[in-house]
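Okay, structure first, notes after.
Each reported figure results from applying straightforward, stated rules to the coordinates on display, with no laboratory input. Everything numeric here is computed off the predicted structure, so don't read it as measured data. With ideal geometry, Cβ positions are generated from the backbone for all residues, glycine too; neighbour counts draw on all protein chains shown.
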Amino acid sequence: MSLKRTPLRDFHAEHGARLVDFAGWEMPVQYRSILEEHKAVRHAAGLFDVSHMGEFEVQGPQARALLDHLVTNDVSKMSPGRVLYTPMCYERGTVIDDLLIYMRSEEDFLLCVNAGNIDKDLAWIRERAAAFGGTDSDHGAVSITDRSADTALLALQGPAAAAILQPLTAAPLDALRYYHFTTGQVAGIDCVISRTGYTGEDGFELYHASGAAVDLARALLDAGRPHGLELAGLGARDSLRLEAGYPLYGHEISDTISPLTGGLGWTVKLDKAADFIGRAALLVEKQQGSAQRLVFFKTGDRRIVRAEAPVFGAGEAGGAGAGAAGGESCGRGGAAVGRVASGTLSPILGEAIGTALVSAAAAASARSGTAPLWVDIRGTRLDLQLVKAPFVTLKKTS
């Protein structure tokens, strides 16, 4: 099966990108170096093509009510110009997807969903819209329109992002707060200008017509070169989001992991007025406690701890006296207490970092210092030093 392509596919090839299969899309994983692209975003700016993401319009008198029923966060408190991050859950409380909701007016919302979940999300939303007078026409109580093929999305991220973008637009960026958006032209191209991103840095996401993507990318790249702007691929995007402590669907949250288990309890508004899908299951989990916990860790070692690697408690496989990071080899017996969800090398810290889903008891013991968590890297024990996210100091705007 042939891979889908964003409007910038040839632009990426022209600039030396290494293209890979990502969720069925041919996407740039890196240009020159993941390390340098990552550092550029932390110290200057990076430009990402995220046009593979999906966009849906939800419109009509019942649009807000439908969305408040679908997601765990509180849509009723939104106002025009606001952006809301939220999971969307199954009845059992696990996550269908995590998405952004843009409120354009009382009856007009734009959703941004993950690329690999576009078809699943669209079917789920349309099925549940029927109870709210949903229709495919433009005149019903609520309509859902897939704009994914018509829309391209560029992310300009880093402390220099505003300085790069402002000369290209009349929109007053200083007045645009974090998780707010406006509309305007950028380099003569109509855009939704959103002060959001997936790196933990200040930055903007620019939604625009697919046919204008190449012109906009060239204009941003030209404007950004004096500021140290680098083209950045999916490799840096992943290491940046992990340093920032942001979840990735299929890793920290998924159709088997609830937002409470995945550390997103702040997005679950159990007391909001709308009775949302998954509320009953999440209320039980909140009252009884999650069986597993998501923990963030670093190792003091440069060897990457890969996703799905088993996580052990002290004494379970190598004896309580097994060596610390870089120490003696451990045994093979015993049962794991969880698994690694994500892992990478932090270019800023110079050591491996990651997340792990472990039993609630093991997480509590590790946090108290009574029973450290550890992994086996080719026969060598590496202790996991539990930390709070983010891993690095972030400079996003308030």
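Here are the numbers for the structure shown:
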read-out	value
Relative contact order of the range 218-286, defined on C-alpha pairs under 8 angstrom at six or more residues apart (%)	17 percent
Helix axis angle, 234-244 relative to the chain longest principal axis, alpha carbon, degrees	70 degrees
Spatially near lysine pairs across the chain, Cα under 16 Å, sequence gap of 8 or more or different chains	7
Distance between the range 1-69 and the range 220-251 - C-alpha centres, whole angstrom	10 Å
Between 0 and 90°, nearest 10: helix 34-43 axis offset from the chain longest Cα axis	70 degrees
Whole-Hz ³J(HN,Hα) from phi, Karplus 6.51 cos²θ - 1.76 cosθ + 1.60, for the range 69-86, glycine and proline x	6, 7, 10, 7, 7, 9, 6, 4, 8, 6, 9, x, x, 9, 10, 10, 8, 7
Calculated from backbone phi, Karplus (6.51, -1.76, 1.60) coupling profile of the range 121-128 in Hz, x at Gly/Pro	5, 4, 5, 4, 5, 5, 4, 7
Entry for Cα extents along the principal axes in Å (calculated from the structure that is shown) out of (1) 66, 51, 44; (2) 59, 47, 41; (3) 101, 54, 37	(1)
Per-pair calculated FRET efficiency, R0 = 25 Å: Arg18 and Ile348 via Cβ, rounded to 0.05	0.65
Value of D in µm² per second that Stokes-Einstein yields for the range 15-149, Kirkwood Rh from Cα pairs, at 25 °C (0.890 mPa s)	149 µm²/s
Degrees between helix 213-224 axis and first principal axis of the chain (Cα, 0 to 90, nearest 10)	70 degrees
Residue exposure sequence - Glu201, Glu308 - by fewest surrounding Cβ within 10 Å	Glu308, Glu201
The chain - mean residue ellipticity at 222 nm from DSSP helices (-39,500 (n - 2.57) per run, n ≥ 4, rounded to 500)	-6000 deg cm²/dmol
Average Cα contact separation per residue, the chain, under 8 Å, 6 or more apart, as relative contact order %	17 percent
